[in-house]
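Only the coordinates and a few stated rules stand behind these numbers; no lab work does. Treat the numbers as computed from the prediction; the structure is a model and nothing was measured. Here the Cβ is made from the backbone with ideal geometry for all residues, glycine too, and neighbour counts use every protein chain on show.
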Amino acid sequence: MITRRYREVLAIRLDEGDEVVSSLGRALARHRITAGIITTFIGALRDCRLILRKGHEERVESHVEVVGNGNISLYEGKPFVHLHISAGNERGVWVGHLMAGTVDIFCEAMVLPVNGKLVRKYDRSLAESGVTVPYILDLGR
C-alpha cells in the first residue's frame, strides 16, 4: 500500500494481496483522517464478502472489476470504512457493502477528509432486525 497527500485529497494505492477494508483503515489512521468521503474506489478484487441486502451475504472468490464510494467515520476510536461497491465479471454483477476483499492486481481510492467529527454507534434495533452492519452515524437530533 502506498499513500500520498495532495492538498485536500489522500490518494491510496492498494497492491495485490492487500485486504481492502483493514488496509484503508490503516492508511486513514496513519494520516489521522477520522471523517471523510471515499469519492472513488476502483480496481480489481478477489475473495470478496459483500452484503447485498439485509441478511444476505455473498462471497465472490473469482476476479472482479470494482467501482465504489463510501465514507469514513470513527467507531470505538478507530477509522470505520463504510464502502459500497459494484463488482462484476463474466459470471455476473454484485452490488453491496464490502465487508472484506483481497486486492487482485491493484486498487485505487481517493479520500476527501471532512472537517469535524463523524462518529458511528451500534444500533441494537437494527441488529435485532437482522442488519449485518448495525452501525449508524450518530448525527444527534
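In terms of its C-alpha gyration tensor, segment 29-141 comes out oblate, because a/c is 1.5 or above while a/b does not outweigh b/c. Amide H contacts under 5 Å for ASP138: VAL119, ARG120, LYS121, restricted to partners 5 or more places along the chain or on a different chain, H placed in the peptide plane at 1.01 Å from N.
Please give the calculated 222 nm ellipticity per residue for the chain, where each DSSP H segment of at least 4 residues contributes -39500 (n - 2.57) and the sum is spread over every residue; nearest 500 deg cm²/dmol?
Numbers: 2 runs with 16 residues, N = 141.
Computed ellipticity for the chain at 222 nm equals -3000 deg cm²/dmol.
Annotation for SER129 and GLU8: the two label points, set 7 Å from Cα along the Cα-Cβ direction, are 3.4 nm apart. Computed from backbone phi with θ = phi - 60° and the Karplus coefficients 6.51, -1.76 and 1.60, the 3J(HN,Hα) list for segment 64-76 is 9, 8, 10, 9, x, 7, x, 9, 10, 9, 9, 9, 6 Hz; x is used for glycine and proline.
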